[in-house]
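Undergrad: Got a structure here, written out as structure tokens. Questions coming.
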Amino acid sequence: MNNKKICYKQKSFKVFCLFSKVTMDEGENKCYTMRDLICNGEIVMKNDHLDAIDKQIIEILEKDARTPVKDIAQAVFLTAPAVSARINHLVNEKYITGFHASLNPELLGYHIKAFINLEVEPKDKKEFYPFIKDCPNVIECNCVTGDYSMLLEVQFKSTMELDQFIGELQIYGRTKTLIVFSTCIDHREVSVK
């Protein structure tokens, strides 16, 4: 295998690409490789899969999305520009879909959490989807298998509001509601390990 080394300027730092096959995109001043992209002597990102460093970065951001890049860089033993490039790649490739604040619904007055099973006929889904997307109290809506076709997670300030919402839902089909007494495991992200 005949490895080549190409060096060119991209903004203020040099980028080195080590590869067995190279494709240069002249207009964009980028290099694409079948192997690794190396920035200032460090591996920035493998092409299309997560390596151990990517997983570490994701775990850090899952715990606190506001962690400064320099702190992440220190934890994974890379420079801040290399970590920033990895984070941008993870976002562009949709491994990371957003950076969000986690709210405490109870402190905001939403004391009632419930799961609602709803039977929606396939012909009614065209009307149901726009309706449910406009309901701010619906945290999640899933199309599922089983006796019911939809599973909704909702939060309300009172049982009266929940009851009113269930009444609105019943124009689409029968419902079965489960009110949550307590939650032993709150929503968490999937493991990257």
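Here, each number is a calculation from the coordinates, and none is a lab measurement. The structure presented is a predicted model; accordingly, all values stated were derived computationally and were not measured. Methodologically, a virtual Cβ is constructed for each residue, glycine included, from the backbone with ideal geometry; neighbour enumeration extends over all protein chains shown.
Undergrad: To make sure I understand, if each residue's beta carbon is the centre and we count other beta carbons within 10 Å, what order do His89, His187 fall in, fewest to most?
TA: Least crowded to most crowded, the residues run His187, His89.
Undergrad: Could you give me the ³J(HN,Hα) list for the stretch 172-181, computed from phi with Karplus coefficients 6.51, -1.76, 1.60 and θ = phi - 60°, whole Hz, x at Gly and Pro?
TA: Using θ = phi - 60°, the values come out as 8, x, 6, 10, 9, 10, 10, 8, 7, 7 Hz.
Undergrad: Still on this structure, I have one more. Which three lengths, in whole Å and largest first, does the stretch 112-179 cover when its Cα atoms are put on their principal axes?
TA: Extents along the principal axes: 32, 23, 18 Å.
Undergrad: Sticking with this one: If you count, for each residue, the other Cβ atoms within 10 Å and average over each peptide, how do 155-162, 144-151, 100-107 line up from highest to lowest?
TA: So the peptides 155-162, 144-151, 100-107, ranked by packing, come out 155-162, 144-151, 100-107.
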